[in-house]
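Read the structure below first, then the notes.
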Amino acid sequence: MTEPELQRLLSGLPLPAMLVGRDDRVLAVNTPGRALLGEGITDRHPAMAVRAPAVLEAIAAVTREGGVREARMTLRREGQEAVFQVTVSDQGEAVLCVFRDVTEEERAGEMRRDFVANVSHELRTPLTALMGFIETLKHAAKDDPKARDMFLGIMEAEAGRMNRLVRDLLQLSRVEAEERVRPRDPVDL
C-alpha cells in the first residue's frame, strides 16, 4: 500500500493511531496520532515519537512474534499527566499502534481508592473507641456507675457518628444509581 492509501485507512480511526513497518519505520499516522505524537514522524523510528519503553518493547515483540500486546504510556501534556493504553497488533506487513486515553479512568480509580481509604478510617476510629469502652465497661468500670454513664454517652456519640457516615454513604449510592436512570416521564417541550 502507498503512504496516501495507508493515511486514508488510518484516518477512519477516531483514536490516535500509528502504523509501523517491519523495518521499524513509521509508515503512517492519523490526525489524532500526529496531535499526540507530533508532526514529521513518518519514515522515522517509532522511538522518535514514542518515549515509552513498554510501548517500544510491545512493538518489537509484535514485529517478531505477531499477535497483540498491550502497553501503558504516560505523557506530560499541558502541565498534566496523561495515561494511554496502547494496543499493538500485527497487521501482516505492519504493526498497528492505537492509543486510548485512560487518564479519566485512572483518576476515577484513584478517587475511589482514596474514598474507600477515608471511609475505612472514618469508620475504624469510632469502632476502635466503642470496642475500648466496651472492654473497659466489662472489666475496670463494671461497678462504677459514674464511669459507666460517661462511657455510654461517648459510645452513643460514636455510634451516632458511624450511623451518619453510613447514612451519607447510602445517600451517595442512591444519587449515583439515580444518575444513571433514564427519565421515564414525558416532558412537554
Per residue accessible area in Å² of the chain, where ligands, DNA and RNA are left out and the probe is 1.4 Å: 69 Å²
Along each principal axis, Cα extent of the stretch 1-110, largest first, Å: 42, 27, 23
Nearest-10 value in Å² for the accessible area of Ser11, using the 1.4 Å probe: 80 Å²
Part-to-part distance (alpha-carbon centres) for the stretch 114-186 and the stretch 1-61, which is given in Å: 54 Å
Mean residue ellipticity (222 nm) of the chain, computed from DSSP H runs ≥ 4 via -39,500 (n - 2.57), nearest 500: -18000 deg cm²/dmol
Debye log10 I(q)/I(0) at q = 0.18, 0.23, 0.26, 0.27 Å⁻¹ for the stretch 71-135, Cα point scatterers: -0.78, -0.95, -1.04, -1.06
Inter-probe distance in nm under a simple model that places probes 7 Å from Cα toward Cβ, at Val102 and Ala54: 0.7 nm
At most 12 other Cβ within 10 Å, DSSP loop - trypsin sites (Lys or Arg not before Pro), the stretch 98-189: Lys142, Arg180, Arg184
Percent accessible area from carbon and sulfur atoms, the chain, protein chains only, probe 1.4 Å: 54 percent
Net length gained if the chain between Phe115 and Val187 were fully extended (0.36 nm per residue, minus Cα distance): 22.3 nm
Potential lengthening between Val166 and Ile154 on full extension [0.36 nm per residue; Cα-Cα distance subtracted]: 2.5 nm
Equivalent ellipsoid semi-axes - Cα gyration tensor, the stretch 68-189, angstrom: 52, 24, 12
Accessible area of Met150 in the full protein assembly, 1.4 Å probe (Å², nearest 10): 110 Å²
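The values are calculated or read from the model by the stated rules, or taken from the named source; none is laboratory data. Just so we're clear, the structure is a prediction, and the values are computed from it rather than from any experiment. Virtual Cβ from ideal backbone geometry, glycine too; neighbours counted across all protein chains shown. In case anyone asks, the SASA skips ligands and DNA or RNA and just uses the protein heavy atoms, side chains included. Shrake-Rupley method; radii C 1.70, N 1.55, O 1.52, S 1.80 Å.
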